[in-house]
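Read the figures in this text as sums done on the coordinates, not as results from a lab. As the structure is a prediction and not an experimental result, all values here were calculated from the model. So basically every Cβ, Gly included, is an ideal-geometry build from the backbone, and we count neighbours across all protein chains shown.
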Amino acid sequence: MTGSPDTAPLLSVEGLSKSYHGQRSLAHRLAGRPQTVVQAVNDVSFGIRRGEIMGLIGESGCGKSTLGRAILRLHEPTAGRVTFDGTDVTALPEAGMKAMRRRMQIIFQDPYASLNPRRTVAEIVGLPLRLHGLAKTPAEARDITAAIVEKVGLKTAHLDRYPHQFSGGQRQRIGIARALVSHPEFIVCDEPVSALDVSIQAQIIQLLTDLKREMGLTYLFISHDISVIGYLSDRVAVMYLGEIVEHGPVESVLSNPRHPYTQSLMSAVPEVDRPGHKHRVRLTGDLPSPLSPPKGCKFHTRCPLATDICRSKAPVTEKVGGGHAAACHRLHENLSLLEEEPA
Amino acid sequence: MNIQNDDTLLQVDGLRTVFDTRAGTVCAVDGVDVAVRRGECLGVVGESGSGKSVTFGSVMGLVRRPGRIDAGRILFDGRDLRALTPRQMRAIRGRDIAMTMQDALTALNPALTVGEQLAEVLEAHDEDLPTGRTARRRAIRDRSVEMLGLVGIPSPGTRLGQYPHEFSGGMRQRIMIAIALASKPKLLIADEPTTALDVTIQAQVLELISDIRAELGMSVVLITHDLGVVAEHCDRVMVMYAGQVVEQGPTADVICQPKHPYTKGLLGSIPRLSLRGERIHPIEGQVPELIDLPAQCRFYSRCRERGADCLKLIDMQDAGPARQARCIRVTPEAAQ
C-alpha cells in the first residue's frame, strides 16, 4: 500500500508563503508609515507520500494551522505552489478547486465551533455529498451518511440530533465523518484531539489510525503535542515563526533532534515514563512577535547556542542523513542542549 | 515519612458539594477526603467534570448558588473554614490560601493595570505596610515590582502600568501567580496553571511554582489533567473520577504501579513515541452523568475488570504504604 520512497509524493508543497497585511489608517498613510505585514508562513517546502502521516509540530502562533489551510487554499497562499497527485492546486480555477476539495479535506480543532448548531448530524455530514453530487437521491445520501456515521463510532439514531446534544468527543467524530463522507485521499487534521480529555483523545487517535489503514488515507497531522505526533506520524516537521526548522523521519527527529529549538521542545515535555531524569533546557522569553521577527535565524533570541552569525544571517536547511534535515548554522558542530543526566 | 496531625495544613473530610438544577441534584463532589501537608505539592488529576476544581473551589469558599456544600469538614491550619463568617473567610482567602485560575485572561480585570491589581491584594492582606500615605504607596510599589521580578517579568517597573491585554498568555499566567503569591500564602491552589500554554512556556511556569514553593516553604495543590506534569512536579497525587477520589498515594508509586482501573486506563491512554506501532488502549465510553447515580462503582460501565461484586458502593481500600484506591479488587501488599 505505502509507496516506495522514490515514488512521487501525493502532495508536494514548494516555497509556500502566506502573509497577512495589516490595515493602514489614514494617519499612518499620511505619515508614510509602512504597512504592517505578518509573514505567517515563510517559504515552506515538503512532500507527503501516499499513505503517510506527516506530523507538523509547533507552538501557538508558529503558523502551522495557516500552513494547513493554505495547502487547501482555505487561506489563499501569497506565493509558492501546492501539487496534489500531479495537479497544480494553486493554479486551479474556482470550479476546479471545488472538485479538488472532494479529495482533500480538513478536520478542525474545535468541535464546538466547527459544526453548524442549527443543522442536524445528517445535514452536516451529508452536505459534502450534495455539494459534489455524490448521491443520486436523498435516500441514497442518507444511506451513505448513515454508513459513515457508524464507521466513526456513532449510531444511526444520532443522525437527526443537533450538535449541542453531543459531548466533545462525539462532536469530533461528527467532524471526522463530514471529512470522510466524500472519500477523500488526503486530510489535514488540524489539532483534532487538543480540545479533548485524555481518555477521549486516545479514542479519537485510535479511530483516526484505524480509518487511515482501512481507507488508505494520507494525513497532515498538526499538533502542539509531541507525544501524539511521536505516536502516530511517519515523518515530522517542526515549525518556528513560520518556517520549518527541522524535518525528517519521526524516530530520527524525536530521538536525535538536531535543531536547538526541537531539543528544547523535547526537553520541555513533561513525561510520565521517567520523571526527573531529564536535563531540562530552559528557554527564556516568549515567542517573538511575528510582526517584527528577529533578523538572521528567527530562533536566535531564545537560543542558548546563538552566535554572531545567527543574529545576522538566516541559516539554510542542510541534510544530516536518512532524510533528516535541519536549519541551523551550528548544525555540524554536533552540539546538544540535552546532556545525558548521570544515572 | 511521618504523618502527624500538626504536619497537615489542609484537611478535608467527606466533602460533598451539590448543584441544584432543574434536571435534578448534580453531585459534583461526593465524599472527598484530602490532606495537604506543609511544604508538599499535591497533584490532583482528573478529566473534565471529575470535580477537581469544585473540590478546591469549595475549600476557597467560592461555590455560589445553585451550588452548595452539602456536607463535610474543611480544616485549614487548625480552623474549621465552614464555621467562619464571610468576613473571616475573606481574611483567609487570598492571604493564607491563594488560588490561580486556568484562564488568566478572564481571571484578571481588563480595566485595571497589573500594578493596581497587585496593589489590591497588598492593601487587603499585607499587615507590614507603613501607615503614612506616601510611604504606604511607595512600599506597595516596591513590593509589586519585587513580585513581578520574582515571577520573571522583564522590566517590572514599567510593566506595572500596563493592562492584562498587553501581556502574552504565559506572562498573564505569571502575573496571576504573582498576585496569588503577593500575600505569601501558606497554600497555593493552582487550577490548571499551564493548560492554555505552550510546552516551553509551561515548563517555565511550573518551574517557577516549584522554585517559589521551595523558597517560601508553602504547600501547593496542582490541579491538572496532565499526568506528565504530575510525574515531574508533585510529591503525592490524587486521582478523581465522577466526583470521587479513586486513587491516592506517592506520585512515583501511583504512576509506576497504578491500582485503580481508571488510573491504569488514563496512563494507558497517553500516546508516546515508544508506543509506535502498538495499539493504545483508550478507556471506552464516557463519564457518567452526575445526576441520580446508582449505588455502585462509578467506573463500572467503563471498567475492564468489572464484575457482579462491583454493583455496590465501594469505599477507599488500603493499597500499600500511604496508598488507597477505590476498587474492591485492590488489596494492600504485604511486602513492598
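Here are the numbers for the structure shown:
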{"read-out": "Residue in the range B:122-135 that is more than 14 Å from chain A (Cβ to nearest Cβ), in contact (Cβ under 8 Å) with a residue 60 or more places away in the chain, surrounded by 19 or more Cβ atoms within 10 Å (Cβ to Cβ) and assigned to a loop (DSSP other than H, G, I, E, B) present", "value": "no"}
{"read-out": "Strands (runs of 3 or more DSSP E) wholly inside the range B:1-85 containing at least 3 residues that are farther than 28 Å from B:HIS233 by Cα", "value": "B:8-21, B:24-37, B:67-76"}
{"read-out": "Test result for B:ILE92, under 18 Å from B:LYS186 (Cβ atoms), hydrophobic (A, V, I, L, M, F, W, C) and touching a strand residue (DSSP E or B) at 6+ places or on another chain (Cβ under 8 Å)", "value": "yes"}
{"read-out": "Of the criteria (1) surrounded by fewer than 23 Cβ atoms within 10 Å (Cβ to Cβ); (2) within 26 Å of A:LEU72 (Cβ to Cβ); (3) touching a Pro at 6+ places or on another chain (Cβ under 9 Å); (4) not aliphatic (A, V, I, L, M), which one A:LYS298 fails", "value": "(1)"}
{"read-out": "Residues being within 28 Å of the chain's Cα centre (by Cα) and outside any strand (DSSP E or B) - total across the range B:301-328", "value": "15"}
{"read-out": "All positions within the range A:159-171 that are within 14 Å of chain B (Cβ to nearest Cβ) and outside any loop (DSSP other than H, G, I, E, B)", "value": "A:GLN165, A:GLY168, A:GLY169, A:GLN170, A:ARG171"}
{"read-out": "Selection count, the range B:250-286, where residues are assigned to a loop (DSSP other than H, G, I, E, B) and either within 8 Å of chain A (Cβ to nearest Cβ) or over 21 Å from B:GLY51 (Cα atoms) (or both)", "value": "15"}
{"read-out": "Matching residues in the range B:262-291 - criterion: being small (Gly, Ala, Ser) and over 26 Å from B:MET316 (Cβ atoms)", "value": "B:SER274, B:GLY277"}
{"read-out": "Any hit, the range B:224-247, residues being more than 14 Å from every other protein chain (Cβ to nearest Cβ), of a type in the set (D, E, K, R) and not in a strand (DSSP E or B)", "value": "no"}
{"read-out": "A:VAL89 vs. criteria over 27 Å from A:SER167 (Cα atoms), in contact (Cβ under 8 Å) with a residue 60 or more places away in the chain and surrounded by 21 or more Cβ atoms within 10 Å (Cβ to Cβ)", "value": "no"}
{"read-out": "Of the criteria (1) touching a Leu at 6+ places or on another chain (Cβ under 9 Å); (2) among the β-branched types (Val, Ile, Thr); (3) not in a strand (DSSP E or B), which one B:THR195 fails", "value": "(1)"}
{"read-out": "Residue check, B:ALA119 more than 30 Å from A:THR284 (Cα to Cα) and free of Cβ contacts under 8 Å to residues at least 40 places away in the same chain", "value": "no"}
{"read-out": "Qualifying position, being more than 28 Å from the chain's Cα centre (by Cα) and part of a helix (DSSP H, G or I), among B:GLY161, B:GLY157, B:GLY115, B:GLY149", "value": "B:GLY157"}
{"read-out": "A:ALA135 being surrounded by fewer than 16 Cβ atoms within 10 Å (Cβ to Cβ) and either out of contact with any strand residue (DSSP E or B) (no Cβ under 7 Å at 6 or more places or on another chain) or among the hydroxyl-bearing types (Ser, Thr, Tyr) (or both)", "value": "no"}
